[in-house]
Amino acid sequence: MRDDMSQNPLKKHIQSFQGCLHGGLIKENAEKYGLSEDEILDFSANLNPFKTPFDHPEYGLNFLKLAAESYPETYNYPDNRYLKFREAAATFLNSGIAANGDINNANGGTKANVRLTKENIIPGNGSTEIIRLFCQCVLNEGDKVIIPYPTFGEYEIQCRLQNAEIVYIPQEKVETLTVDELKEIGAKILFICNPNNPTAVLRKREDLIKLAEICEKSKTVLFMDEAFIEISDPDQSVCDLVADHKFVFIMRSLTKCFEIPGIRLGFGAAHPEIAAALNNARLSWNLSPLQENVGAALMSMGGGVNSDYLIKSRELILKEANFLKDELSKVWGFKPGVATTNFLLVDISERTVKSTELVERFAKNGILIRNCISFKGLGEDFIRIAVRTRPENEKFIKTIPIVFDEWAKDFADSELKSALTTHKKGLQQNKRETCEYYPCHFEGQDCTFCYCPFYPCKDERGGGKYIQSSKGGQVWSCVDCYVPHIPPVVEKMLEGLMEDGDTEEILKKEWDEIILPIMEERDSDHVLAVCRRIKEEKDKNPK
């Protein structure tokens, strides 16, 4: 049999298809790093740190009771109409519409008395199924969609399954889109995530209402992903627009706000005509009896989106997000973004270490963070951190210096090996004058040991010292040390390191025979004279 793609029955664009990268890989990382699942703290998945309502007896919900009540229903096919779930979802959405009725009136074109019904609701086995269903029912091969980047990767994945053409625009471009531009592009769908994943930027309701009007005039569907809106700011939702607009589609997730990712629950909200067609097209029996009963119970809590549970959830998330942002801002080279929901995007572009390595090093220490390499436009310069409870957030913060200390030691070892390899080839550039920090110690320094192989030596006679860390406590700093950068010292060290033998043993010998004599001023040859001269110059002209 010929082993080529022409013998593969799959569609051509599916044969080399790649799925979306997600967080929450607890089992996979536990196996990879030899950890138990209980040892792992997952900061890569954005869930509600307040835990599920089932963990709070005061809300009167009992998961085991719901499971027991659902058990007899497993002997029959589910009622594919899912009336209980759809009615609860409509009531849940209406609780937000009623709460922001004044906002609706103030911005025009919307009504405080809008009431959605089960006829507006499409149940989904997680929000991802809703994205796929909508794309299947709207897109033909070659159709265009607009995806502002960076954003949730599943929009692209589900559109590519339909062999649609993706038109990427930066997130900032959304604010200036016009009817003419949308008509010129000819896109069937414009995807907007609010608040946006992974940037956490929250768009205002009045701006989205204007965008919906532009989309309707251009016959482009505004697909609004509101997966995080209940744990951010429900007042910015535009779910009421689906009552009268066929070109607005809302997606909600119960995974995020109720912390139930394993149960797989989400839903769509649309104009009744659109919702009816989607309900006819969706996979039959896509919810189990347990899923329907759990979803209905959670969405039927008193107050809906403004239940005591969700109000306390938002308060906790905002408090802890700001705590994390403040603490991360103290870490050199970490620039956290806005704190609006249960995750923070952190710019690490000023650090030498990239996101892929950083994610791996945190995982080895039992903490999962999200690598943003799969988000278009971010690359390896960003990580995403979930918001968890205060003790968990503090553990994460305390792990940062541990991770960077491990990285620094490994990096120094790597730099040493690189320096030796270069030296053997006679290609070394001892001054590294292209480095933006040169000279970081003194003019004419030798940069072969840019990362000192003796770190942390903890010997203040060389100029190093303990300084106050931004995270509290003391950390060893080499900023004022000059000894390993004096050309004669470097030459002596390289001579020893070029010999065969264990590197650690050679370094120990060199510390005793080369560095310590200088520290203790026992050496009377040219090296000591150079050291003294440099020290005198530094004392006269301190930085």
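The values are calculated or read from the model by the stated rules, or taken from the named source; none is laboratory data. Since we're looking at a predicted model, the values are computed, not measured. Here Cβ is always computed from backbone atoms with ideal geometry, including for glycine, and neighbour counts include all displayed protein chains. We work out accessible area using only protein heavy atoms, side chains counted, and drop any ligands, DNA or RNA first. Shrake-Rupley method; radii C 1.70, N 1.55, O 1.52, S 1.80 Å.
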Name, by its number, the condition in (1) in contact with a helix residue (DSSP H, G or I) (Cβ under 7 Å, 6 or more places away or on another chain); (2) among the aliphatic types (A, V, I, L, M); (3) closer than 22 Å to residue 295 by Cβ that does not hold for residue 130. (1)
Give just the number: which of (1) outside any loop (DSSP other than H, G, I, E, B); (2) among the hydrophobic types (A, V, I, L, M, F, W, C); (3) in contact with a Phe, Trp or Tyr (Cβ under 9 Å, 6 or more places away or on another chain) does residue 152 not satisfy? (1)
Could you go through region 107-123 and let me know if any residue there is among the small types (Gly, Ala, Ser), at pLDDT 95 or above and either within 30 Å of the chain's Cα centre (by Cα) or surrounded by fewer than 20 Cβ atoms within 10 Å (Cβ to Cβ) (or both). no
Hits in region 458-514 (condition: within 22 Å of residue 405 (Cα to Cα), in a helix (DSSP H, G or I), at pLDDT below 80 and open to solvent by 60 Å² or more (accessible area, probe 1.4 Å)): 504
Find the residue count for region 297-309, including only residues that are free of Cβ contacts under 8 Å to residues at least 24 places away in the same chain and under 15 Å from residue 66 (Cα atoms). 0
Answer yes if at least one residue in region 142-150 is touching a Cys at 6+ places or on another chain (Cβ under 9 Å) and open to solvent by 40 Å² or more (accessible area, probe 1.4 Å), and no otherwise. no
Odd one out for residue 446, checked against (1) modelled with pLDDT of 85 or more; (2) open to solvent by less than 30 Å² (accessible area, probe 1.4 Å); (3) among the charged types (D, E, K, R): (1)
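Can you name every residue in region 204-258 that is of a type in the set (D, E, K, R) and open to solvent by less than 30 Å² (accessible area, probe 1.4 Å)?
Initially, region 204-258 is screened for residues of a type in the set (D, E, K, R), giving 204-207, 210, 213, 216-217, 219, 225-226, 230, 233, 235, 240, 244, 246, 252, 256.
Result: 205, 225, 226, 230, 240, 252.
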Residues being closer than 14 Å to residue 294 by Cα and either free of Cβ contacts under 8 Å to residues at least 60 places away in the same chain or in contact with a strand residue (DSSP E or B) (Cβ under 6 Å, 6 or more places away or on another chain) (or both) - total across region 72-86: 4
Identify the residue in region 318-343 that is in contact with a Leu (Cβ under 8 Å, 6 or more places away or on another chain) and assigned to a loop (DSSP other than H, G, I, E, B) and, among all such residues, is modelled with the lowest pLDDT. 334
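From the list 378, 316, 310, 344, which one is under 24 Å from residue 233 (Cα atoms), open to solvent by 10 Å² or more (accessible area, probe 1.4 Å) and in contact with a Pro (Cβ under 9 Å, 6 or more places away or on another chain)? If you could, list the steps in order and put the result at the bottom.
On the way: 378 fails: under 24 Å from residue 233 (Cα atoms); 310 fails: open to solvent by 10 Å² or more (accessible area, probe 1.4 Å); 344 fails: open to solvent by 10 Å² or more (accessible area, probe 1.4 Å).
Every option except 316 fails the conditions.
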Would you mind telling me which numbered condition in (1) open to solvent by 50 Å² or more (accessible area, probe 1.4 Å); (2) within 30 Å of residue 237 (Cβ to Cβ) residue 305 fails? (1)
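Take the conditions among the hydroxyl-bearing types (Ser, Thr, Tyr), crowded, with 19+ Cβ neighbours inside 10 Å and either under 30 Å from residue 393 (Cβ atoms) or modelled with pLDDT of 95 or more (or both) and apply them to residue 36. Does it pass?
Working: among the hydroxyl-bearing types (Ser, Thr, Tyr): yes; crowded, with 19+ Cβ neighbours inside 10 Å: no; either under 30 Å from residue 393 (Cβ atoms) or modelled with pLDDT of 95 or more (or both): yes.
When the stated conditions are applied, residue 36 does not pass them.
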Can you run down the residue pairs with Cβ atoms below 6 Å, 6 or more apart or on separate chains, where the first is in region 167-178 and open to solvent by 60 Å² or more (accessible area, probe 1.4 Å) and the partner is outside any helix (DSSP H, G or I)? 168/147; 168/149
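Is one or more of the residues making up region 285-296 out of contact with any helix residue (DSSP H, G or I) (no Cβ under 9 Å at 6 or more places or on another chain), without any contact (Cβ under 8 Å) to a residue 40 or more places away in the chain and open to solvent by 10 Å² or more (accessible area, probe 1.4 Å)? Spell out how you get there, then give the answer.
We begin by selecting, within region 285-296, every residue out of contact with any helix residue (DSSP H, G or I) (no Cβ under 9 Å at 6 or more places or on another chain); these are 285.
So of that shortlist, the ones also without any contact (Cβ under 8 Å) to a residue 40 or more places away in the chain come out as none.
No; the residues of region 285-296 include none that is out of contact with any helix residue (DSSP H, G or I) (no Cβ under 9 Å at 6 or more places or on another chain), without any contact (Cβ under 8 Å) to a residue 40 or more places away in the chain and open to solvent by 10 Å² or more (accessible area, probe 1.4 Å).
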What are the residue pairs meeting all of these: first residue in region 385-398, first residue in contact (Cβ under 8 Å) with a residue 60 or more places away in the chain, second residue basic (Lys, Arg) and surrounded by 14 or more Cβ atoms within 10 Å (Cβ to Cβ), Cβ atoms under 7 Å, and 6 or more apart or on different chains? none
